[in-house]
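Engineer: This is the structure I have questions about; it appears just below.
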Amino acid sequence: MIDEVNQHENVQGAATDSAESAVGAADAASLKDTATGDPAIDPTLAATPIDSDPSAPSLETAQADVVDHGSTAPDSSTVLSEKDNEIKLLKSQLEERTSQFVRISADFDNYRKRTQREREDLELQVKCSTINEILPVVDNFERARSHIKPQTEQETTIHKSYQSVYKQLVDCLKRIGVAPMRSEGKEFDPSLHEAVMRQPTDEQPEGTVMEELVRGYLLGERVLRHALVKVAAAPEPVITSEEADQGGAEN
């Protein structure tokens, strides 16, 4: 027992002596550095690598970031679904714009046809109104030709001069599409003729134009002026003297 205690005390004394020797060596080194002017180096700093950057991410951090990005990447089926929806939307917009274009084109075509028809109708109305103002002059030329019978050479010269004017006027009317009606001997047509007289006769069928009193004119298929005509009517029954006497006796 005494030997164990002595051995323990010897171990503690050796440890104390080594610690004191280490402190003394450190103090001696410190005094040496102070004497030489070199700074003392911290043993903990000497163990740290020189090229290490505390702010640089470590390998484990980079791997964790890759795993996180991979987990948040969009699914390919989701992307395809979004693209299909965009395509459907664009197709619907295209169909809508196409239908709008077709409707606008049809409306514009109808507008163009309508305005063209209205313009043509207006031109025709103006032309008809102007020609109707000239027709009485033509009538006067025709009356003069039928009533005036030149007797002398001078009268014949005057007659030929105004007849040439009449002929020129008629040619101008023909060039713009004006044509006179030929009504005599034809059946009465209320769209072309205006009956101003009725004459009973058995020489022509009832409703036949017997005479054209005022000539009518056409512009193409449009009536410029209706012809004033005399129309044949059915002859009145002839009452004999015997039938008259019988009628008086009955009364």
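Engineer: Want the number for residue 109 to residue 127: 0.36 nm per residue separation, take away the alpha-carbon distance, what's left?
Structural biologist: Numbers: separation 18, 0.36 × 18 = 6.48 nm, distance 2.68 nm.
Value of the extension gain: 3.8 nm.
Engineer: HN-Hα J couplings of the stretch 117-134 from phi, Karplus 6.51/-1.76/1.60, θ = phi - 60°, integer Hz, Gly and Pro as x?
Structural biologist: Values, residue by residue: 5, 5, 5, 5, 5, 5, 4, 5, 5, 5, 5, 5, 5, 5, 5, 4, 6, 8 Hz.
Engineer: Lysines within cross-link reach of residue 149: Cα-Cα under 23 Å, excluding same-chain residues under 8 positions apart?
Structural biologist: 160, 167
Engineer: Give me the one-decimal nm value for the distance between modelled label points at residue 137 and residue 204, 7 Å along each residue's Cα-to-Cβ direction.
Structural biologist: Each label point lies 7 Å from its Cα, and together they span 3.2 nm.
Engineer: Expected output is a single nm value to one decimal: the length gained when fully extending between residue 119 and residue 161, i.e. 0.36 nm times separation in residues minus the C-alpha distance. What is it?
Structural biologist: 11.2 nm
Engineer: Using a simple spin-label model with points 7 Å from Cα along the Cα→Cβ vector, what separation in nm is obtained for residue 92 and residue 218?
Structural biologist: Computed distance between label sites residue 92 and residue 218 equals 6.1 nm.
Rule-based calculations on the coordinates, nothing more; no lab input. Computed from a predicted structure; not experimentally measured. Using ideal geometry, Cβ is built from the backbone for each residue, glycine included, and neighbour counts are taken over all protein chains shown.
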